[in-house]
Amino acid sequence: MADGSPHPQVAGALQVLAAADTHGLNPETYEATTLIEQFARLAQPDAPMATQQQRTELNARLNQNLVQYLSDLRDGRVDPHRVHQKFDVPPKPAFDARQYLFSALQNNTVAKALHDARPRVPMYDAVVKAMAQYRQLQNNPAWASPLPALPGRKLEVGQPWAGATQLAQRLILLGDIPAHIAPSGDTPAGNIAATQAPQAISNASASSALSGSGTTTTMSNTPAVYDAALEAGVKAFQKRHGLTEDGIIGPATLAQLNVTPAQRVKQMALTLERLRWTPLVSAPRMIVVNIPEFMLRAYDVMPDGNIDISLQMRVIVGRALDTSTPLFDEDMRFIEFSPYWNIPPSIARGETLPRLRRDPAYFDRQGFEFVLKDGSVSTQLTPANLEAVQKGAARIRQRPGPQNALGDIKFIFPNNTNIYLHHTPSPQLFERSRRDFSHGCIRVEAPVALAQFVLKNEPQWTQSRIEAAMTAGKSQTIRLAAPIPVVLAYATVVVLEDTVYFYDDIYGHDKTLAKALKMM
């Protein structure tokens with residue numbers, strides 16, 4: 001390409017651009033079809049002799065598009081700040097796409113270099129693989145029409161339903177029930193009979209066999225009844241989609257069952273874009289909360305960039321309606337045992353003060369006290385103190401104890417939105433499948449285990465000492481010897497051990513990103 005004549009590596013480069021959609025990118029952004037046609041025209045024996053200038057211009061266009069592709073692949077196409085993600089990662093060495101491409105050309109390794117340029121972040125390759133498998137199902141007749149309406153508000157085992165056969169087809173193709181549920185001979189050769197739910201589409205060749213011919217699995221012997229086998233498949237499907245695993249098909253489960261493979265491919269493309277700029281491996285030890293999944297993971301980053309997950313637990317995040325948890329990254333620097341809860345002014349004025357006026361006994365039941373402007377503390381519920389809070393001249397705080405809204409521990413990563421991790425006196429809420437109940441802060445299910453991870457390199461903080469400090473009833477704040485980055489992330493697709501999980505876009509960030517990428 002540098003000397004103006006078609007380079008032997010052009011074909012490999014064009015193939016990479018044509019396959020940009022395998023990474024959630026649009027091949028036409030890089031003129032893939034046009035470039036392939038124009039280079040093919042030059043290669044024809046009877047083609048008019050191209051001028052040197054024409055060849056040079058065509059090679060330059062290919063180079064330009066390859067550079068753009070590399071940039072998009074490595075760093076993403078959207079500034080995360082435009083889509084409500086306020087990540088502020090330490091500066092990293094700039095990726096010089098032009099120099100990278102030039103070196104590949106010089107070493108005759110263009111195809112390998114383009115492959116190696118993909119982001120080396122957790123889960124990226126797994127999502128690429130899953131997206132390819134779902135793409136094979138995009139035109140499968142099992143999704144040619146939506147599942148029929150339920151016979152009532154919900155469907156339970158034993159009830160007749162016209163959609164039973166179509167449901168079985170989808171669950172087989174997705175790997176949520178074994179293919180042998182279909183009568184012998186009804187499934188094309190190469191089926192996924194060995195697939196164990198919920199290993200969704202864990203066998204790519206099987207997915208291809210079920211979808212590539214354009215035919216669908218025939219379930220002629222399957223009665224139009226929602227039976228126990230389908231219920232087991234639906235439970236596996238529910239587990240993979242963040243739903244209550246009860247095997248009952250209600251409106252929420254039906255809606256997820258009707259999401260097409262093409263829609264899932266788009267969802268995975270958005271996840272790949274986020275993975276390009278979410279700082280998941282910026283330090284040797286990390287804590288990441290995935291908001292749509294309602295999960296926290298703490299892990300060590302290995303020298304090769306792989307991660308070793310030490311801990312994962314359920315979390316409760318901010319309400320989608322009005323108090324969504326912001327997305328950012330900051331370093332955890334402190335732990336407060338037996339914390340006070342300083343009620344934010346907006347919550348105090350909007351919720352606490354009206355409650356205290358209706359029910360004065362609530363003040364003592366909750367262990368509240370007033371902190372006046374001069375720093376003095378009052379445990380008296382008086383009209384003057386209430387008015388002072390209303391005017392911003394005082395604040396309400398909750399003393400350490402069993403009623404404290406923060407539970408018995410608080411993990412602090414200073415930020416300008418006053419968000420932190422903490423325990424809760426209401427652990428029963430962790431049993432819910434959807435867990436957006438907080439005012440924005442994140443409640444953790446296993447605070448002792450998290451404290452052990454955070455204090456792993458401080459041997460004086462044994463489990464017994466941590467538990468004693470949590471129950472002391474006296475606030476104690478310690479500074480960590482080494483800060484640990486905390487990332488509040490947003491991925492509606494997660495792949496774990498070859499199983500694909502999908503979650504609701506609870507804050508609408510996928511929709512916002514799709515608009516920014518002009519995917520809507």
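Observations on the model:
- Förster radius 51 Å - calculated FRET efficiency between R479 and S145 (Cβ-Cβ, nearest 0.05): 0.25
- For region 377-502, the share of DSSP beta bridges that are antiparallel, to the nearest 5, is 75%.
- Ranking of L147, L73 by count of other Cβ atoms within 10 Å, fewest first: L147, L73
- Calculated from backbone phi, Karplus (6.51, -1.76, 1.60) coupling profile of region 269-275 in Hz, x at Gly/Pro: 4, 5, 5, 4, 4, 5, 4
- Annotation: amide H of A394 within the under-5 Å range of V389, sequence separation 5 or more or interchain, hydrogens built in the peptide plane.
- Couplings 3J(HN,Hα) of region 243-250, computed from phi: 9, 4, 8, 10, x, 8, 8, x Hz, in residue order, whole Hz [Karplus 6.51 cos²θ - 1.76 cosθ + 1.60, θ = phi - 60°; x for Gly and Pro].
- Cut-off under 5 Å, modelled amide H: who pairs with V487 long-range: I287, V288, V289
- The stretch between Q460 and S103, if pulled fully straight at 0.36 nm per residue, gains 123.4 nm over its current Cα-Cα span.
- Among the trypsin sites (Lys or Arg not before Pro) in region 452-513, those placed in a DSSP loop whose Cβ has at most 10 other Cβ atoms within 10 Å are K474.
- Additional length obtainable on full extension of the chain from D88 to E245, 0.36 nm per residue less Cα span: 52.8 nm
- Calculated from the structure at hand, mean projected area of the Cα convex hull in nm² is found among (1) 27.8; (2) 31.6; (3) 24.0 as (2).
- Treating r as the C-beta distance of R432 and Q53 and R0 as 60 Å, the FRET efficiency rounds to 0.35.
- For Q138, net neighbour charge (Lys/Arg +1, Asp/Glu -1) across residues whose Cβ lies under 14 Å away: +3
- Anisotropy class of region 256-373 from Cα gyration tensor, a/c 1.5 cut: oblate
- When you filter the trypsin sites (Lys or Arg not before Pro) in region 117-178 for DSSP loop state and at most 10 other Cβ atoms inside 10 Å of their Cβ, you are left with R153.
- Rounded if a/c under 1.5, otherwise prolate or oblate - region 10-118, Cα gyration tensor axes: prolate
- Residue-count net charge about P80 - beta-carbon cut-off 13 Å; Lys, Arg +1, Asp, Glu -1: 0
- Taken one residue at a time, the phi angles of region 256-263 give Karplus couplings (6.51, -1.76, 1.60, θ = phi - 60°) of 5, 5, 8, 5, 7, x, 4, 5 Hz. Gly and Pro are set to x.
- Subtracting the Cα-Cα distance of E28 and K154 from their residue separation scaled by 0.36 nm leaves 41.0 nm.
- Summary of the geometry: region 59-110 and region 478-520, compared by the centres of their Cα atoms, lie 22 Å apart.
- Once both labels are positioned 7 Å from their Cα atoms along Cα-to-Cβ, the gap between K515 and A43 label points is 4.3 nm.
- Label-reachable residues, region 335-367, where backbone N falls under 12 Å from a point 7 Å from T379's Cα toward its Cβ: 364-365, 367
- In this calculation the C-beta distance from D125 to H81 is compared with R0 = 35 Å, giving a FRET efficiency of 0.85.
- GluC sites (Glu not before Pro) restricted to region 431-507 and DSSP loop, no more than 13 other C-beta within 10 Å: E497
- Compared with the dominant Cα axis of the chain, that is its longest principal axis, helix 124-135 is turned about 60°.
- Using alpha-carbon coordinates, inclination of helix 97-106 to the longest axis of the chain, degrees: 40
- In this label model, N418 and S282 are separated by 2.4 nm, measuring between points 7 Å along each Cα→Cβ vector.
- Built amide H within the under 5 Å cut-off of N342, gap 5+: Q398
Since every read-out is calculated from the coordinates, none of them should be taken as a lab result. Quick caveat, the model's predicted, so the values are computed rather than measured. No Cβ is skipped: glycine too gets one built from the backbone with ideal geometry, and neighbour counts run over all protein chains shown.
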